[in-house]
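Worksheet: the structure to be examined is printed underneath.
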Amino acid sequence: MSIGRDWLNPAAPAKPAVLTEPAQRRALVFEVVLVFSITLGLSGLRSLLSLLDSLLQPQPLNEQQVAINVSQATIQVIDLLKQLLSAVQLLGWGALGLYLLWRGGIKLAAIGLPKRLTARDARWAVGLTALIGIPGLALYFAAWQLGLNLAVQPSTLGETWWRPITLTLAAFGNAFAEEVLVVGYLLTRLRQLGLRENTGLLMAAVLRGSYHLYQGIGGFVGNVVMGLVFGRVWQRTNRLWPLVVAHTLLDVFAFVGYALLRDHVSWLP
């Protein structure tokens, strides 16, 4: 993949000023805690409890299963509507982070979400998809075989006309919520609080890993690595669209691909 130096080190908008007023800093810390206490931070705590529950079971982790996209109702039309509402909730989480940044005087373009996705953004998204997807799949299977991960089923939805649609929307919802909140929103707020770039990057990556703990240790480690890569790309390029698109592609391949292959490939859990 050809990458120009001007894109790796673009003339990005100036970083937000570090807040020095104690009252402003307290308000910002409260805002960050509040946002994540109702979104991905809460998911991280639930995920930790799920992992503890799995570890306390008599079966080893690799003999247990966990599903990501599951049926939410017995009646198809209700199931469809609930699947759509789940995607809307994820979009709402991301929109909340964007709204708070905007209310604070930070434009969406300043965090890498301009109105238009460029061709270079798309190329970077494809490159990141390959960079994360192929080693990530290998890490998952290695962790599963070593007993460090549950058998993850990306989808257990039955065959319906709307399954590919809802799985694709779920993929985009996950990508939008995670990349906006964990990268664009959180790293921007940590900059305003004066944290060093590497410190903020590590905190965001660990948060990303935390809400994947329900999958096992492999899921945690793999997503921490993904968070370090994605976060550093954003810090260097100030472009968020490639991360959203790459994450969407990764989840589409996982969700839709698994749904299509699970009944035809014997080694899939």
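The values are calculated or read from the model by the stated rules, or taken from the named source; none is laboratory data. Note that the coordinates shown come from a computational prediction; the quantities given were computed from them, not determined experimentally. Cβ: placed from backbone, ideal geometry, glycine included. Neighbour counts: every protein chain shown.
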Checklist line | Of all residues in the range 192-215 being in a loop (DSSP other than H, G, I, E, B) and in contact (Cβ under 8 Å) with a residue 12 or more places away in the chain, the one that is nearest to Val182 (Cα to Cα) | finding: Tyr211
Checklist line | Counted residues, the range 53-64 - those being surrounded by 12 or more Cβ atoms within 10 Å (Cβ to Cβ) and under 30 Å from Gly94 (Cα atoms) | finding: 1
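Can you confirm whether the range 164-171 contains a residue that is without any contact (Cβ under 8 Å) to a residue 40 or more places away in the chain, assigned to a loop (DSSP other than H, G, I, E, B) and out of contact with any Pro (no Cβ under 9 Å at 6 or more places or on another chain)?
Taking every residue of the range 164-171 in turn, none turns out to be without any contact (Cβ under 8 Å) to a residue 40 or more places away in the chain, assigned to a loop (DSSP other than H, G, I, E, B) and out of contact with any Pro (no Cβ under 9 Å at 6 or more places or on another chain).
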Next item on the list: Could you tell me whether the range 142-149 includes any residue that is closer than 22 Å to Asn223 by Cα, small (Gly, Ala, Ser), assigned to a loop (DSSP other than H, G, I, E, B) and touching a Pro at 6+ places or on another chain (Cβ under 8 Å)?
Entry: yes
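Got a number for residues in the range 70-97 being touching a helix residue (DSSP H, G or I) at 6+ places or on another chain (Cβ under 6 Å) and surrounded by 15 or more Cβ atoms within 10 Å (Cβ to Cβ)?
If we filter the range 70-97 for residues that are touching a helix residue (DSSP H, G or I) at 6+ places or on another chain (Cβ under 6 Å), which is where we start, we get 71-73, 83, 87, 90-91, 93-94, 97.
Remaining after also requiring surrounded by 15 or more Cβ atoms within 10 Å (Cβ to Cβ): 71, 83, 87, 90-91, 93-94, 97.
Qualifying residue count, the range 70-97: 8.
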Margin query: If I filter the range 41-73 down to residues being closer than 13 Å to Ile217 by Cα and hydroxyl-bearing (Ser, Thr, Tyr), which single residue comes out as nearest to the chain's Cα centre (by Cα)?
Written below: Ser47
Next item on the list: With the condition kept exactly as written, say whether any residue in the range 123-145 is hydroxyl-bearing (Ser, Thr, Tyr), within 22 Å of Val245 (Cα to Cα), under 19 Å from the mean Cα position of the chain (by Cα) and at pLDDT below 95.
Entry: yes
Check: Are any residues in the range 217-231 surrounded by fewer than 23 Cβ atoms within 10 Å (Cβ to Cβ) and touching a Leu at 6+ places or on another chain (Cβ under 6 Å), and if so, which ones?
Finding: Ile217
Next item on the list: Report yes if Ala151 is touching a strand residue (DSSP E or B) at 6+ places or on another chain (Cβ under 8 Å) and of a type in the set (Gly, Ala, Ser), otherwise no.
Entry: yes
Notebook entry, point to check: So which pairs qualify, if the first residue must be in the range 95-115 and touching a residue at least 12 places away in the same chain (Cβ under 8 Å) and within 13 Å of Pro16 (Cβ to Cβ), the second must be of a type in the set (Ser, Thr, Tyr) and surrounded by 13 or more Cβ atoms within 10 Å (Cβ to Cβ), the Cβ gap must be under 8 Å, and the two must be at least 6 apart or on different chains?
Noted result: Leu100/Tyr185; Leu101/Tyr185; Leu101/Thr188; Ile106/Thr188; Ile111/Tyr185; Ile111/Thr188
Checklist line | Meets criteria (in a loop (DSSP other than H, G, I, E, B) and charged (D, E, K, R)) for Arg239 | finding: yes
